[in-house]
Amino acid sequence: MATLVVLITIDQFASDYLVRYGGDLDGGIARLRREGAVWVRAQHDHAITETAPGHASTLSGRFPVSTGIASNSQGVNTPDAPLIGSDDIGASPFRFQGTTLVDWMRAADPATRVLSVSRKDRGAILPIGRSRSEVYWYVSNGAFTTSRYYRDTLPDWVSAFNARRLPHSYAGTSWTPLLPADRYAEPDTNRLEATGNDYLFPHVITSDPVVAARAVRDFPWMDSLTLAFALEGVRSMGLGADAGRTDLLAVSVSSTDAVGHRYGPDSKEIHDQVRRVDRYIGEFLDALIAVRGNGRVIVALTADHGIAPFPELRSPYYDNGDAQRVDQRNAWRAAYAAMRAAGVDTAAVDNDDGFRVIDAEAFRRADVAPDAIAEVWARELRRLNGVMRADLMRDLATADTVRDDIARRWLHMLPVDGPVRAVVTLERYGYWQSTNYATHGSPHDNDTQVPLIIWGPGVTAGDRAGPARVVDLAPTLAGLLGIRPLEPLDGQPLSVRP
């Protein structure tokens, strides 16, 4: 019987990385792929491929339209849940709707213990939904903490870990490639990386310990710190120690996202980061199994989204030869002009996730349908090179979602009758003009495809040829544990046996 379920989410770990670097890996990712059930190109079958909606789908088995988490900006941050020992912005799952695997496990056994850890607040909070569990993330003063949604004081083990000041010890440390130069195919000369600043190895953290503790969030070592904190939590909380109880640990490691945004998916830096996170996860798994024993741990590994290369860079890995940037300002000028002509305050809308109505009453007072203005916005966007399509949500509702992947993913993202009245999809690998870092967030496969691996007792090793979605993970784990979800799900159980 498994006594511990572990979810490892690697932020921004595209399927492409597993394919490109998989043969070179020798750590934890390699072990899970070798010994687990593997879907190399599983899908986040939703449109806004960002951290918050991706993490909210991992253990809920539901798409963002069901969880209520549609984007990072519509995620977890709120001043109503202040942090313990930090002035960083507060956070809680106040927008999350429905249940997760945690709730199903506790319905079966109220004694179930849960720990969720991440560098990011949303990465720690959203996998376990509204559950009031042990949930911790890293803040700018160099500590792991939580918000008052969960508790009013930190437990002793967290305070003791923070007192070691491990992040501060990286002051003055130099990030140099892990392996000899001939083991990296990528050049280290691309000025698009890091906006042209500090784009060459080595990368050195400041010698000021206080500043270093904040800066380490964007270096590979943050993953090692996160996993060390998680392992300390396993020991201190006794996760998986009781043969009559099954507990859950969720760990989100975020350095791949930080490195990918700064240097891009074609960089020598991301190559080195993938090798490092593979080794960190290997060390973590070795320590975890040494503590809990082989055959008692189920591990699932996935990611929250992929990545697209810089449009100006003709990538050797991605077919982005036609990629370009798009300036949406004229579309908004046209929409604002139409609003003013109709007597609607232009502050009644914003561009969060599309054409979003934030003051429906302003439209009602002017007797104007929001979709009439949204159509002006969409029509102007359709004129632009680099725009694949711009759709009103009401029109997407009648699309053939079997053949139209883009429409289906938008409908899995946002409610048809919600505040976002229209959405835009750029051509594959396209960027908005204002974006100055490598990014993601589209409904295209490069952003939606991520690995999905399940490893442990009851799982037969081998690559699976059939389709898989990240929303299928939670019902699959529920099946392995012999428990039932508490609500209808969007996902279906995957076969982890031949």
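The values are calculated or read from the model by the stated rules, or taken from the named source; none is laboratory data. Owing to the predicted nature of the structure, the values given are computational and were not obtained by experimental measurement. FYI the Cβ positions are ideal-geometry reconstructions off the backbone, even for glycines, and counts take in every protein chain you see.
What to note about this one:
- The residues listed here are Thr425, Thr460; of these, the one that is part of a loop (DSSP other than H, G, I, E, B), in contact with a strand residue (DSSP E or B) (Cβ under 7 Å, 6 or more places away or on another chain) and at pLDDT 95 or above is Thr460.
- The range 292-304: number of residues that are touching a residue at least 60 places away in the same chain (Cβ under 8 Å) and farther than 29 Å from Asp45 by Cβ: 3
- Any hit, the range 313-325, residues being outside any helix (DSSP H, G or I), hydroxyl-bearing (Ser, Thr, Tyr) and crowded, with 17+ Cβ neighbours inside 10 Å: yes
- Ala185 small (Gly, Ala, Ser), in a loop (DSSP other than H, G, I, E, B) and either at pLDDT below 95 or buried (at least 19 other Cβ atoms within 10 Å of the Cβ) (or both): yes
- If the condition is being out of contact with any helix residue (DSSP H, G or I) (no Cβ under 8 Å at 6 or more places or on another chain) and in a helix (DSSP H, G or I), then the range 1-31 contributes Ser15, Val19, Arg20, Gly23.
- Out of Pro457, Pro485, Pro475, Pro451, one residue alone is within 30 Å of Ile298 (Cα to Cα) and surrounded by fewer than 19 Cβ atoms within 10 Å (Cβ to Cβ). It is Pro457.
- Among the helices (runs of 4 or more DSSP H) confined to the range 192-302, the ones with at least 3 residues that are within 30 Å of Leu477 (Cα to Cα) are located at 221-237, 255-263, 268-292.
- Of the residues making up the range 429-457, those that are assigned to a loop (DSSP other than H, G, I, E, B), in the same structural domain as Gly295 (by TED's automatic domain parsing) and aliphatic (A, V, I, L, M) number 0.
- Verdict on Thr176 being surrounded by fewer than 23 Cβ atoms within 10 Å (Cβ to Cβ) and either touching a strand residue (DSSP E or B) at 6+ places or on another chain (Cβ under 9 Å) or touching a residue at least 40 places away in the same chain (Cβ under 8 Å) (or both): yes
- Checking the range 35-48 against the condition returns a match, with at least one residue being in a helix (DSSP H, G or I) and closer than 21 Å to Arg464 by Cα.
- Flag if Asp367 is in contact (Cβ under 8 Å) with a residue 12 or more places away in the chain and either of a type in the set (D, E, K, R) or not in a strand (DSSP E or B) (or both): no
- Positions within the range 290-312 being within 30 Å of Ile454 (Cβ to Cβ), under 26 Å from the mean Cα position of the chain (by Cα) and surrounded by fewer than 17 Cβ atoms within 10 Å (Cβ to Cβ), in sequence order: none
Yes/no matrix, rows are residues, columns are (1) touching a Leu at 6+ places or on another chain (Cβ under 8 Å); (2) over 19 Å from Ile10 (Cβ atoms):
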residue: Gln43; (1), (2): no, no
residue: His46; (1), (2): no, no
residue: Gly68; (1), (2): no, yes
residue: Val76; (1), (2): yes, yes
residue: Ile84; (1), (2): yes, yes
